[in-house]
Structures are given as structure tokens and as C-alpha cells.
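The values are calculated or read from the model by the stated rules, or taken from the named source; none is laboratory data. The shown structure was predicted, so the numbers you read here are calculated from the model rather than taken from an experiment. We place every Cβ from the backbone using ideal geometry, glycine too, and count neighbours over all the protein chains shown.
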Amino acid sequence: MTDAAQPVLSTQSLVAGYERDLPIVRGVDFTVREGEFVVLLGPNGAGKSTLVKTIAGLVPVHSGTVLLGAADITAMPSHERIRHGLAFVPQTENIFATLTIHENLQIAANILPKERRNDRIGALYTMFPDLGSRPSHRAGQLSGGQRQMLAVARALVVEPSVLILDEPSAGLSPKIVSEVFDRLAAINETGVTTVLVEQNVKAALAVADRAVILVEGLIAHEGVASRLADDPIVAELYLGARHANKSVAT
């Protein structure tokens, strides 16, 4: 990814939230360039998850726009955004626990033409050998890290141009977090633009190109991820937000 890369995802003056008179995202201008790996950081209640859910079409937009490339997708239903190359992995309920690995991927592949489905699932088994070695295994019996990889594989079925993930490290051990993030970095290196919401600041900054910090529904700071790891303003934003309004949702 270079500075000359074109924006593949952006928001303009985006205001969003579950209730019109209580916006959580409050006028965000957010841009992600093609091939970039961007991490969204911020204290609890900053609006990180709400921002990516809004981009995915799951939270009402009160004003502003969401663009995928040059296309305005603000009013587009979430399932149509998937067809246009925007994939979203939520933090919870991102797999069907009672179904097998293969059945999970088959359901996701139903969006593809029939003649492409088997080949695409086969490609994902190659990409995720842990899944490919046990396709008949119940998803609910997988480890936390394996479940996250299945959720990511489901999102990648449609070969998206943009992959958004909401806190994939939640509940995982440090070792598994490292493995999951290494896998996400490898996926990004294949050309998939990646946006990651994360509370594990150190691990996220280690894999991302750029970091954006939200505080109270607004972008408070951003910069090159490797430089922000030692930037005192990051700690100030997190610590200062401890006294912020606790009613703002994530």
C-alpha cells in the first residue's frame, strides 16, 4: 500500500446511532486507502463498533455519507453491501455453532453463482488448513481462535475488497491473539483492505499500517501505527476518556 493508493472506503460527516436524538458517531470523516490495514482504537464508549456497524449497514445513518470507492452506499441494505465487496465480521454471533465448518461456508457461499461455490470453498480450505482438515467438525466445538478463523473465512467467501472486523481478539489468549492477527496481516497482504476495531492496542498496532483513535464519537488522533505505539497522546486520550460520559455506547 502506498500513499498514492485510492480511497476504497470513506465516510463524510457521518452521524449515526440507534436513536436520532442520541447520536453515537458524531460527524466522522474516515478514509481507508486501497490495500491499507487500519485499526480503530479508543476507550470503551468511543463509538468504534458503532462506526463499523454503520459502515456495514447495521446502524441507522442520521446524516452524512458512506462511500465504497466512488459509490454512495449510505442507503444500501447490508446484504447488498456484501455483494459490492464489503465484508463485516461481528464480534459475536459470527458463525452457526450447531452446523459444521463446511455447512457454515456453504451458507456463506450461497451468494455466489452455483458453479463458483465449490471452488471458492476449496480455496478457503487451502487458506485455512485448520478448517480444511476437519470440514465435518461442528463449529461449536472449535477453539476460540478457530471460531474466529471460520468467521473470517465466511466473510472471505465473496472475495471482498474490504474486510471489517469488530474486536476479533475478544476472549482469546495472548498466543491465540498473535496467531489471529498474523493471519489477518497475511490476508491483507493478498490485497484485501482491512479495517479492525480492537481493544488490544499493542497487538493491533503491531500489524496495522495506520491507527485512528476515536473518543466520544469523534476522531481524536490518527497516524502511522508503528509510531503511535510510543506516542504519549495515545495514553492521554485513553486515560482522559475515563472521565467521559459513560452513557456513550461502543
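So here's what we get for this one:
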quantity	calculated
Wholly within segment 101-142, helices (runs of 4 or more DSSP H) carrying at least 2 residues that are within 27 Å of Phe181 (Cβ to Cβ) and in contact with a Pro (Cβ under 6 Å, 6 or more places away or on another chain)	101-109
Positions within segment 134-164 being more than 30 Å from Gln6 (Cβ to Cβ) and either crowded, with 22+ Cβ neighbours inside 10 Å or among the aliphatic types (A, V, I, L, M) (or both), in sequence order	Ala139, Leu142, Leu150
In segment 204-230, residue farthest from the chain's Cα centre (by Cα) [restricted to those that are crowded, with 20+ Cβ neighbours inside 10 Å and in a helix (DSSP H, G or I)]	Leu228
Residues that are among the polar types (S, T, N, Q) and either assigned to a loop (DSSP other than H, G, I, E, B) or on the phi < 0 side of the Ramachandran plot (or both), drawn from segment 1-52	Thr2, Gln6, Ser10, Thr11, Gln12, Thr31, Asn44, Ser49, Thr50
His79 without any contact (Cβ under 8 Å) to a residue 60 or more places away in the chain and within 19 Å of Glu179 (Cβ to Cβ)	no
Cross-chain or 6+ apart pairs with Cβ under 6 Å, segment 21-39 first and in the same structural domain as Gly217 (by TED's automatic domain parsing) and closer than 16 Å to Lys53 by Cβ, then part of a loop (DSSP other than H, G, I, E, B) and at pLDDT 95 or above	Pro23/Gly17; Ile24/Gly17; Ile24/Gly47; Ile24/Gly217; Val25/Gly47; Val25/Gly217; Arg26/Gly217
